[in-house]
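These notes are about the structure you will find just below.
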Amino acid sequence: MEFDVLIAGSGLAGLSAALSLAESRRVAVLTKRGATDGASDWAQGGIAVSLDASDSAERHMEDTCAAGCALCDAAAVRFVIEHSRSAVEWLMARGAPFTRDAQAASGFHLTREGGHRQRRILHAADATGHAVMTLLAEQAQAHPNITLFDAHFAIDLIHSARLGLSGQRCYGLYALDMRTGSVRTFRARHTILATGGAGKAYLYTTNPDTATGDGMAMAWRAGCRIANMEFIQFHPTCLYHPYAKSFLISEAVRGEGGVLKLPDGARFMPAYDARAELAPRDIVARAIDFEIKKRGMDCVYLDIHHRPAEFLRAHFPTILARCLEFGIDITREPIPVVPAAHYACGGVVTDVYGRADLAGLYAIGETACTGLHGANRLASNSLLECVVMGRAAAQAILAASEKERHEIPALPAWDESRVTDSDEEVVITHNWDELRRLMWNYVGIVRTDKRLARAAHRIVRLREEIDEYYAHFRISRDLLELRNLVDVASLIVESARFRHESRGLHFNRDWPEMQPKGLPTILSRAFSSRVTTGASAKRHRENH
Ligand code: SIN
């Protein structure tokens, strides 16, 4: 299969890139489930943009850098925020149905979230991601230059080193067609990784099942640098209910007056931070974790029932309906909540056009680390980054392709001649469960050196088993996801072990102070001997 541009991932970043390229390029979008099955579709809050007359891009930049705890890349922050207006105008021109407010000068209702000094979140009620993704997916599906390959799992990049060639260039990727079980070879001059984050590395997460760090792991295995993986954001308020898998209670609920309470109704956030419930997420999540552990509770409560029922129905229809399914009426009672893994601030190192370390390879959205988020992402900066970076990567590709008319060599087909059908699938389910549990227990909201060392030790053993299994048995979606998750878990743990301080989302009880100067953690297979890689010496398959 040959295209001008391959995009792995059909979330907001991937589709923003696809639609920006499709007028003049033939684009393939690969998605391992359906077009809207990723995390973008689940995003509730909205898109941070300074539309109010009292606001400015400068203030938005200051809030981003304050949340990022002196670790944001100033150029990336400036680039993304300076392009925020044009990004939302692009979405509006495509028909994005943002919630309006006739009283506001901008004409739009802007809500508030933690870490923002003012109302700045453009939203579509409480289902912004769904509204935007439904629209873009329809437009991508209808576009004659975009071919959507659903049920296609990107396995690994095809690059110079893998082909035994000199240089550092990406030529495409192998993908498992999950309908037929066969592996297809995709060739392209430009490959974009937009596969989202890695929340499934943790037992409790707000993310959909698709968030298994596929792009990060592929880029790492291909030799790209990965940065800041220790900064995993735990969202403070995930619904706590035995049957509610991964349901987020948007930060906008706190933005509109929701308060966090203990079972006896007492507020606790004012004792932790002057901004109380609207402190940045690292502070709120740690406070909840501390209270839960100190008092031996299962959860805390988020209460917004003091706002008029009509207001709650208009602003939070999705949350209201979902909570009611579990017997919780948010107009009358508080919502039980716990923190859960939500967002990876780190990822594949890129510049502000999404360019990664291999020529012809780009990473955008949660897969990438542009430096925008630093040590803690400011709420609703992620959908913004998806649109800005999707469009920026498209711009770089459109500008580059005339200059870069390099030949793509013949690419070998996937070789399955030395593998057989699995005899013990239980290895996958057991290791998947063990990995996510150990990440939750040892590499969660509060870390210690001993816990991180334990995690690192267990991950080496798990990787040996997974690599051996991968070397001998035919691939499946579960096996590929587990292989990616163990790579990503290893990157998180090793990054956390390198950081001898507490900053933003990384809190280590053995290193509670913040160093005066903030430096990113950059892991490279070429330079980091402490990081064991996913490439198993024992692999029989020649494809690796
Ligand atoms: C939320 O609605 O709380 C999530 C928004 C975000 O993660 O930026």
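At a glance:
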read-out	value
FRET efficiency estimate (nearest 0.05) - Cβ-Cβ, ALA274 to SER106, R0 30 angstrom	0.60
Relative contact order computed over the chain (Cα-Cα under 8 Å; 6+ residues apart), in percent	21
Candidates per GluC sites (Glu not before Pro) in the stretch 419-449, loop by DSSP, up to 11 other Cβ within 10 Å	GLU424
Residue-by-residue Karplus 3J(HN,Hα) for the stretch 162-168, coefficients 6.51, -1.76, 1.60, Hz, glycine and proline x	5, 8, x, 9, 7, x, 9
Inter-label distance for ILE408 and GLU2, nm, one decimal - labels placed 7 Å from Cα along Cα-to-Cβ	0.7
The chain: calculated mean residue ellipticity at 222 nm from DSSP helix runs of at least 4, using -39500 (n - 2.57)	-10500 deg cm²/dmol
Degrees, to the nearest 10: 84-93 long Cα axis against longest axis of the chain	80
Longest DSSP-loop-exposure-free segment, chymotrypsin sites (Phe, Trp or Tyr not before Pro), the chain, at most 11 other Cβ within 10 Å	244-526
Positive dipole terminus of the stretch 341-494, leading residue within ALA453, TYR343, LEU378 (C-beta point charges)	LEU378
Other-chain or far-sequence residues with amide H under 5 Å of HIS190's (modelled H)	LEU6
12 Å cut-off, amide nitrogen to a point 7 angstrom out along GLN139 Cα→Cβ, residues in the stretch 66-91	87-91
With Cα atoms, 0 to 90° folded angle of helix 426-442 axis to the chain main axis	40
Residues with amide H under 5 Å from that of CYS369, placed H, sequence gap 5 or more	GLY347, VAL348, VAL349, THR350
Reach of LYS293 by Cα under 17 Å, taken over aspartates and glutamates that are not fewer than 8 positions away in the same chain	ASP264, ASP282
Subset of LYS245/LYS294; LYS261/LYS294; LYS261/LYS450 violating a 23 Å alpha-carbon distance limit	LYS245/LYS294; LYS261/LYS450
For the stretch 488-502, 3J(HN,Hα) per residue [Karplus equation, 6.51 cos²θ - 1.76 cosθ + 1.60, θ = phi - 60°, Hz, x = Gly/Pro]	5, 4, 4, 5, 5, 5, 5, 5, 5, 6, 6, 8, 9, 5, 10
Residue (of ALA74, ALA53, SER84) at the positive-pole extreme of the stretch 11-117, dipole from beta-carbon charges	SER84
Low-density loop positions, trypsin sites (Lys or Arg not before Pro), the stretch 246-355 - DSSP coil, at most 15 other Cβ in 10 Å	ARG275, ARG332
Length added when fully stretched, ALA66-ARG454, from 0.36 nm per residue minus Cα-Cα	136.4 nm
FRET efficiency, 1/(1 + (r/R0)^6) with R0 45 Å, evaluated for ARG267 and GLU89 via beta carbons	0.70
Residues whose placed amide H lies under 5 Å from that of LEU71, excluding near-sequence neighbours	ALA375
Accessible area of the chain divided out per residue, in Å², using a probe of 1.4 angstrom	38
Hz values of 3J(HN,Hα) by residue in the stretch 364-376 - Karplus curve (6.51, -1.76, 1.60), Gly and Pro given as x	9, x, 5, 5, 9, 10, 7, x, 4, 8, x, 8, 6
Options CYS224, GLY9, THR212, ranked by Cα towards positive dipole end of the chain, top entry (Cβ charges)	CYS224
Accessible carbon and sulfur surface of the chain relative to its total accessible area, %, 1.4 Å	51
Angle between the chain longest axis and helix 128-142 axis [Cα atoms, degrees, rounded to 10]	30
Cβ charges +1 (Lys, Arg) and -1 (Asp, Glu), total dipole of the chain, debye	840
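The values are calculated or read from the model by the stated rules, or taken from the named source; none is laboratory data. On a predicted model such as this, the values are computed, not experimentally measured, just so you know. Note: ideal-geometry Cβ built from the backbone for every residue, glycine included; neighbour counts use all protein chains shown. Just so you know, the surface numbers come from the protein's heavy atoms only, side chains and all, with ligands and any DNA or RNA stripped out. Shrake-Rupley method; radii C 1.70, N 1.55, O 1.52, S 1.80 Å.
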